[in-house]
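Inspection log for the structure reproduced underneath, given as structure tokens.
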Amino acid sequence: MLKPKFAPAASFAEHLNNLRKVVANFAEHHDDEDLLLTWHKPGARHYLTRAAVMVLMIGLWIGYFVVRPFTDSKEIENAVMFSAAAVTGYYYWSEKRSKQKRLEQNARVKVAAGAMMQAHTDAFDPNIDRPVVGGCFLVTDDPALEADPARLVKLASELFDWRDADNADVPPDVRPVVDWLRATSEDAVRGFTPVPVPASYTGSDRTWAMPVAIWRDRMPNGVLDRRLLPIFWDPTNDQVMPETPELKTWWSEEIDELFYPDLGEEEDEHDADEGSHGEG
């Protein structure tokens with residue numbers, strides 16, 4: 001995949017909007033096998049079916065040209081020819097449909113701002129050979145919060161702090177979110193459905209707590225070394241896990257230097273304990 005060209009941006013929100021334009025252009029015009037979301041990629045069954053249809057198609061055409069000189073039966077010849085033509089037509093129709101499906105899937109991908117609340121310890125360890133780990137992020141596409149990324153990070157940090165607090169100290173309006181954080185600390189993520197975060201807390205009705213797939217090999221340093229990230233997600237499908245895009249492809253060095261300092265001393269405070277995020 002070629003690295004897109006980004007327009008200059010002076011702020012986090014401006015670069016997110018530029019990124020949305022790049023993603024929309026990619027979704028509209030890109031027609032090869034690349035998908036914006038890993039969870040959109042078809043499984044082994046799709047590729048096995050595709051290979052089986054291709055083998056059947058080739059076999060029927062070979063059979064047609066082999067059988068044709070040795071038979072006087074037009075019925076057999078026509079049957080093999082029509083079978084080969086039908087399988088060929090199905091193959092090319094399915095390929096066209098697969099391409100259209102990829103375009104539709106990419107068109108559904110949205111770009112949002114995400115502030116990490118918690119993540120598996122493997123996300124931070126450079127000595128662990130694990131390409132993807134789970135994390136929990138506070139995610140928004142609200143322009144006001146995107147324009148104030150420091151506040152978004154502060155809200156995420158507060159939610160994390162309440163995870164280990166007594167219920168009496170947790171504001172009632174955010175308790176469902178805190179309970180969700182506690183549940184994902186003790187067990188694997190159970191479904192990818194975003195949890196709405198109340199506007200009474202964030203000032204926005206477009207903020208969610210989400211499980212996010214953190215692809216370590218997509219980070220510039222191979223580990224999660226920042227609290228604020230762009231998030232790609234499909235809001236129409238809660239079976240598709242939101243994920244971090246490849247920053248080397250979808251981000252700019254200028255924005256990286258401005259808005260993504262290392263976690264530094266705060267890492268020990270907010271990285272997860274060994275059981276703080278499930279192995280899922």
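Under 8 Å between Cβ atoms, which residue pairs at least 6 apart in sequence (or on different chains) link something in region 154-166 that is surrounded by 15 or more Cβ atoms within 10 Å (Cβ to Cβ) with a partner that is of a type in the set (Ser, Thr, Tyr) and assigned to a helix (DSSP H, G or I)? Final answer for the pair search is 155/201; 155/202; 163/185.
Among the conditions (1) part of a helix (DSSP H, G or I); (2) among the aliphatic types (A, V, I, L, M); (3) within 30 Å of residue 245 (Cβ to Cβ), the only one that residue 111 does not satisfy is (1).
Scanning region 165-199 for residues being at pLDDT below 90 and assigned to a loop (DSSP other than H, G, I, E, B) gives a total of 8.
The values are calculated or read from the model by the stated rules, or taken from the named source; none is laboratory data. Given the structure is predicted, the values throughout are model-derived calculations rather than measurements. All Cβ positions, glycine included, derive from the backbone under ideal geometry; neighbour counts span all protein chains shown.
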